[in-house]
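Peer 1: Take a look at this one; I'll ask things after.
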Amino acid sequence: MKLGIVSDIHAEPKLLRRALADMPSVDRVLCAGDAVSEYRFCPETVELLRQVQAQCIQGNHEKVLFGGANPRYLQQCQAEFAPELLDMLAAAPVSLEFAAAGARVLMVHASPWRPFDEYVLPRSPQLARFAPLPYDFVILGHTHVPMVQHVGSVTVINPGSCSQPRDQDRRGSYAILDLEQRTVEIRRLRLE
């Protein structure tokens, strides 16, 4: 089973479309949060995720948009955009756990421990905290920095951002996780 993983799209449908077109055939698409920006809802981005039946979780930007931090903007979105598009992200969980192809997977936006908003970067001392977790793969977003780190028996994956990379490679990125082969590939895209 192959999973395509995107994160931190931040309402950039053109770049999401490019990532989805570049993606090889996958069984499922996952979005590790921040499909939209806290003050910019993009129906086209959400529609693209809906068309590929992506399983999304909420990131910090969805939490701001739907969590009451700016009720006027949410009311404006509710008046302007189709309810099914808003509901897709408003009803998304903050984490997703599942088992497939003999692997246990957890997807969270930032970190799986309180305060749930830490930035976990490559070579971070926080990576050691993943080793005792009962998962084979933990998928993160939030940092916009792609990462594949093996910590004990846990593989920590961050697909980076297809629209706003924050590492030395200025190309957007996403990840392909092959659960049967237990391999992860970070793929890069030109932002053009």
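The values are calculated or read from the model by the stated rules, or taken from the named source; none is laboratory data. Model, not experiment: these values are computed from the prediction. Here the Cβ positions follow ideal geometry from the backbone for every residue, glycine too, while neighbour counts run over all protein chains shown.
Peer 1: Could you run through the range 12-52 and say how many residues are surrounded by fewer than 21 Cβ atoms within 10 Å (Cβ to Cβ), touching a strand residue (DSSP E or B) at 6+ places or on another chain (Cβ under 9 Å) and part of a loop (DSSP other than H, G, I, E, B)?
Peer 2: Residues flagged as surrounded by fewer than 21 Cβ atoms within 10 Å (Cβ to Cβ), touching a strand residue (DSSP E or B) at 6+ places or on another chain (Cβ under 9 Å) and part of a loop (DSSP other than H, G, I, E, B) within the range 12-52 amount to 6.
Matching residues to (1) within 21 Å of Phe41 (Cα to Cα); (2) touching a His at 6+ places or on another chain (Cβ under 8 Å):
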position: Pro83; (1), (2): yes, no
position: Gly102; (1), (2): no, no
position: Val120; (1), (2): no, yes
position: Arg129; (1), (2): no, no
position: Leu140; (1), (2): no, yes
position: Val145; (1), (2): no, no
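Peer 1: Can you find a residue in the range 114-126 that is over 27 Å from Gln53 (Cα atoms), within 18 Å of the chain's Cα centre (by Cα) and among the aliphatic types (A, V, I, L, M)?
Peer 2: Within the range 114-126 (the criterion being over 27 Å from Gln53 (Cα atoms), within 18 Å of the chain's Cα centre (by Cα) and among the aliphatic types (A, V, I, L, M)), the answer is yes, since at least one residue qualifies.
Peer 1: Looking only at the range 109-141, count every residue that is at positive phi and surrounded by 14 or more Cβ atoms within 10 Å (Cβ to Cβ) and tell me the total.
Peer 2: Qualifying residue count for the region: 1.
Peer 1: Please indicate, with yes or no, whether at least one residue in the range 87-109 is of a type outside the set (Asp, Glu) and under 22 Å from Arg171 (Cα atoms).
Peer 2: Yes; the residues of the range 87-109 include at least one that is of a type outside the set (Asp, Glu) and under 22 Å from Arg171 (Cα atoms).
Peer 1: Now, a different point. Filter the range 53-96 for residues that are in a helix (DSSP H, G or I), of a type in the set (A, V, I, L, M, F, W, C) and exposed (fewer than 14 other Cβ atoms within 10 Å of the Cβ) and give the result.
Peer 2: Within the range 53-96, just Ala79 meets the criteria.
Peer 1: Of these, Leu121, Leu127, which one is within 21 Å of Leu96 (Cα to Cα) and part of a loop (DSSP other than H, G, I, E, B)?
Peer 2: Going through Leu121, Leu127 in turn, the sole match is Leu121.
Peer 1: Within the set of pairs 6 or more residues apart or between chains, which connect a residue that is touching a residue at least 40 places away in the same chain (Cβ under 8 Å) inside the range 118-136 to a residue that is aliphatic (A, V, I, L, M) with Cβ atoms less than 6 Å apart?
Peer 2: Asp136/Ala103
Peer 1: Restricting attention to the range 149-192, and to residues there that are in contact (Cβ under 8 Å) with a residue 60 or more places away in the chain, of a type in the set (Gly, Ala, Ser) and not in a strand (DSSP E or B), which single residue is surrounded by the most Cβ atoms within 10 Å (Cβ to Cβ)?
Peer 2: Selected residue: Gly160.
Peer 1: Could you tell me whether any residue of the range 172-183 is at pLDDT below 95 and more than 21 Å from Val64 (Cβ to Cβ)?
Peer 2: Checked the range 172-183: at least one residue is at pLDDT below 95 and more than 21 Å from Val64 (Cβ to Cβ).
Peer 1: Specify the residue that is farthest from Leu16 (Cα to Cα); the eligible residues are those in the range 133-148 that are in a loop (DSSP other than H, G, I, E, B) and of a type in the set (A, V, I, L, M).
Peer 2: Among those that are in a loop (DSSP other than H, G, I, E, B) and of a type in the set (A, V, I, L, M), it is Leu133.
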